[in-house]
1. Restricting the stretch 165-181 to residues that are open to solvent by 100 Å² or more (accessible area, probe 1.4 Å) and closer than 19 Å to CYS139 by Cα, which is modelled with the lowest pLDDT?
2. Going residue by residue through the stretch 137-151, is there one that turns out to be in contact with a Pro (Cβ under 6 Å, 6 or more places away or on another chain) and part of a helix (DSSP H, G or I)?
3. Identify the single condition in (1) farther than 25 Å from ALA30 by Cα; (2) open to solvent by less than 40 Å² (accessible area, probe 1.4 Å); (3) among the polar types (S, T, N, Q) that THR129 does not satisfy, given that it satisfies every other one.
4. Give the residue that is modelled with the lowest pLDDT, with candidates limited to residues of the stretch 152-164 that are out of contact with any Leu (no Cβ under 8 Å at 6 or more places or on another chain) and in a helix (DSSP H, G or I).
5. Since LEU188 meets every condition but one in (1) surrounded by fewer than 16 Cβ atoms within 10 Å (Cβ to Cβ); (2) under 20 Å from the mean Cα position of the chain (by Cα), which condition does it not meet?
6. Going by the conditions given, is ILE144 of a type in the set (Val, Ile, Thr), out of contact with any Lys or Arg (no Cβ under 7 Å at 6 or more places or on another chain) and over 30 Å from ARG40 (Cα atoms)?
7. Sort out which residues of the stretch 58-70 are open to solvent by 80 Å² or more (accessible area, probe 1.4 Å) and at pLDDT below 75, and write them in order of number.
8. Mind telling me which of the residues ARG35, ARG12 ends up being within 22 Å of SER141 (Cα to Cα) and touching a strand residue (DSSP E or B) at 6+ places or on another chain (Cβ under 9 Å)?
Amino acid sequence: MIFSLALESGLRPSEYLGLTWSDINLDGGAIAIARTLVWRKGDESSCRSRWYFSTPKTERSDRTIIVSESLRLLLVDHRRKQLEERLKATNYNDNGFVFAMDDGRPVLLRTLDRAHFKPILKRAGLPETTRIYDLRHSCASLLIASGESAAVVAARLGHSDPAFTLKTYVDTDANQQKAASEKLAKMLAG
């Protein structure tokens, strides 16, 4: 669930790990990015005082993302399962996180990476050098490759400048340049 959200939304790990259920409209599929989860340096441990919420990276990072219907339904199912598991838990500290450890603490990025992301990469035959943050890059690259406007992609990622988005996420190769030339030639030929 967490990787589906990361890939489709283009959120930064600190943004999706800091999501609380109050940020999500499950009926409309809207996710408000209003905070990030921050760990004090060297303190990714079990003590709540070692993590805190902060403001998003930039002013434009405070945004709302609308997710697909399939992801909305996954979130609804995730919420139901989380509530069921929480009722069974004997020591649960409800912090309201969308993605929480079994006891309600926030998910540690390094644990998410080592215990879940790297094994998925290995099973898929993908390079283990792929980072969780690359899901954000993949979201942007796939949207741009599908023809989505740079302005829409920039807004989704929380960038203030679509030019930055294009500069960061668009790489052209010889085949793309040739295809662009062929399209232009057809347009000019009438």
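1. Among those that are open to solvent by 100 Å² or more (accessible area, probe 1.4 Å) and closer than 19 Å to CYS139 by Cα, it is ASP171.
2. First, the residues of the stretch 137-151 that are in contact with a Pro (Cβ under 6 Å, 6 or more places away or on another chain): 150-151.
Those left that are additionally part of a helix (DSSP H, G or I): 150-151.
Checked the stretch 137-151: at least one residue is in contact with a Pro (Cβ under 6 Å, 6 or more places away or on another chain) and part of a helix (DSSP H, G or I).
3. (2)
4. Just the residues of the stretch 152-164 that are out of contact with any Leu (no Cβ under 8 Å at 6 or more places or on another chain), to begin with: 154-155, 157-164.
With the extra rule that they be in a helix (DSSP H, G or I), the set shrinks to 154-155, 157, 162-164.
Values: ALA154: 91, ALA155: 91, LEU157: 91, PRO162: 86, ALA163: 84, PHE164: 81.
Of everything passing the filter in the stretch 152-164, PHE164 is modelled with the lowest pLDDT.
5. For LEU188, the exception is condition (2).
6. Here the answer is yes, as ILE144 does meet what is asked.
7. GLU59, ARG60
8. Working: ARG35 fails: within 22 Å of SER141 (Cα to Cα).
Testing whether each residue is within 22 Å of SER141 (Cα to Cα) and touching a strand residue (DSSP E or B) at 6+ places or on another chain (Cβ under 9 Å) leaves just ARG12.
The values are calculated or read from the model by the stated rules, or taken from the named source; none is laboratory data. For clarity, every value in this text was computed on a predicted model and none was experimentally measured. Neighbour counts run over all protein chains shown; Cβ positions are idealised from the backbone, glycine included. SASA here: full protein model, heavy atoms, side chains in, ligands and nucleic acids out. Shrake-Rupley method; radii C 1.70, N 1.55, O 1.52, S 1.80 Å.
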